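Quick notes on the structure that follows.
A short reminder: the numbers here are calculations on the coordinates, not readings from a lab. Everything numeric here is computed off the predicted structure, so don't read it as measured data. A quick note on method: Cβ atoms are made from the backbone with ideal geometry, for glycine too, and the neighbour counts reach across all protein chains shown.
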Amino acid sequence: MGIPRPALVIFHGGLGTGEAERLMAEARAAAARNTARTALAAGFEAVIVATDEPDAFPDDLPNVYVDPDSRHPGPFDFAARLKEIVGRYGLEKPAVMGSGSVPLLGVEEFQLIAEQLEQRDRRFVTNNFFSADLTAWTPGEAIFEVGEFVRDNALPRRLRDDAGLAPVVLPRTTATQFDLDTPTDLAILALDETAPPELARAAAPLADRCGPLRELMRLLCDRTAEIVVAGRVGSQAWQYLERETACRVRLFSEERGMAAAGPTHRARSLLGYLVEEVGVRRFFALMATLGDAFVCDTRVLEAHLGLQPTREDRFQSDLFAWERIEDPWLREFTRAAAEAALPVVLGGHSLVSGGIMALNDVAWREHDRRLGLA
């Protein structure tokens, strides 16, 4: 079998069995199904879904090939699995992404990726060179020239440095930066009436948990307000906030590239030192003196403190379900956030990048509609 035209590989799996984990697993499967249809409509020849949940992908999706992990025994190895798929299907112009990656990417963006792959050889396209969510390249066999990598976010660097491919980076927009990684990201979609129908249905269970997000939306459009944003905030997200929000933004950008730095990296956070010094209750009281709302990438604080809560605990924290969290510190922190004197929004890296960008887009649409401008 050979596929000479652009083809998309979607990885979906290893998403856990907890209540919040299953909520996100179902949402990411919905995102993958929607992305498959979008890519095919944009001219991709095929979509291959590598998954440990084949039942999440019905066989009535034309040109979508489900490749179950069960056919590949042994520990999961992302690089080996990707190379095996490229070789077995004969992919000459592959693209790869996770099931929750860039779920708002539309037909036009996928057409742009396909056009870049078709124009000339030995290039790759990505949404983020240093921490990719989607990477497409040609020729497909270049994947066999790269060194070791354990996650897809490092693939662009390997394709450039080891295989000599030329980079093409997609414009930084909400669609190219928003990921569906945590319940907070899903809750943002619950507020977005422009979300694709299948994603909107997946987000519907969180519609009644959007109180802090709604308060933050109001502040984003208020010239007298100030918000505090903390975590792995990149320069593009900062520029977006400065350009597209009405409020003032107090920004604490820390530990960019933390996940890609590897297990030997020791995270250090100014806010982490503060919460250690004063405790969680006083920490949120101080945040209330700095702004009218607090948006926090909690994974930086956890790394600073040397904590490794389960993914289910992290997701329950994002949902403010503190009573369901096993980790003692995260349970105390989440309860203090829920009871803080200012609106608090908790999440991961995606929250302080594409997440807050998407929320701001929703906020301004509602603001303009309220004023009769839309």
key: Total charge dipole magnitude, the chain, about the Cα centre, Cβ charges on Lys, Arg, Asp, Glu only, Debye to nearest 20   = 780
remark   = Reduced to Cα centres, the span from segment 295-374 to segment 224-275 in Å works out to 13
key: Per-residue ³J(HN,Hα) for segment 328-339, Karplus 6.51 cos²θ - 1.76 cosθ + 1.60, θ = phi - 60°, Hz, x for Gly and Pro   = x, 5, 5, 5, 5, 4, 5, 5, 4, 5, 5, 9
ask   = Can you sort His12, His304 so the residue with the fewest Cβ neighbours within 10 Å comes first?
value = His304, His12
Sequence-distant residues sharing a close amide H with Val66 (under 5 Å, placed H) = Val49
key: Within segment 101-249: Cβ-based charge dipole about Cα centre, in debye rounded to nearest 20 (Lys, Arg +1; Asp, Glu -1)   = 420
query = Based solely on its DSSP helices, what 222 nm [θ] is calculated for the chain when runs of n ≥ 4 H residues each add -39,500 (n - 2.57) and the sum is averaged over all residues, nearest 500 deg cm²/dmol?
reply = -12500 deg cm²/dmol
task = Starting from the Cα of Asp77, step 7 Å along the direction of its Cβ; do the same at Arg311; then give the gap between the two resulting points in nm.
result = 2.1
Rounded to whole Hz, the Karplus (6.51, -1.76, 1.60) HN-Hα couplings of segment 15-22, x for glycine and proline = 9, x, 10, x, 4, 6, 4, 5
task = Report the calculated FRET efficiency for Asp55 and Ala200 (r = Cβ-Cβ distance, R0 = 35 Å), to the nearest 0.05.
result = 0.95
query = Can you give the charge dipole size of segment 7-176 about its Cα centre, rounded to the nearest 20 debye, using +1 on the beta carbon of Lys and Arg and -1 on the beta carbon of Asp and Glu?
reply = 440
message = Under 5 Å between amide hydrogens, which residues at least 5 positions from Val345 or on another chain qualify, with H placed 1.01 Å from N in the peptide plane?
response = Phe294, Val295, Cys296
key: Order of Glu108, Glu26 under a 10 Å beta carbon neighbour criterion, fewest first   = Glu108, Glu26
task = List Arg311, Arg299, Arg331, Arg223 from most exposed to least, where exposure is judged by having the fewest other Cβ atoms within 10 Å.
result = Arg223, Arg311, Arg331, Arg299
task = Kindly write out, for segment 346-352 in residue order, the coupling ³J(HN,Hα) from the Karplus curve 6.51 cos²θ - 1.76 cosθ + 1.60 (θ = phi - 60°), rounded to whole Hz, with x marking Gly and Pro.
result = 10, x, x, 4, 4, 4, 8
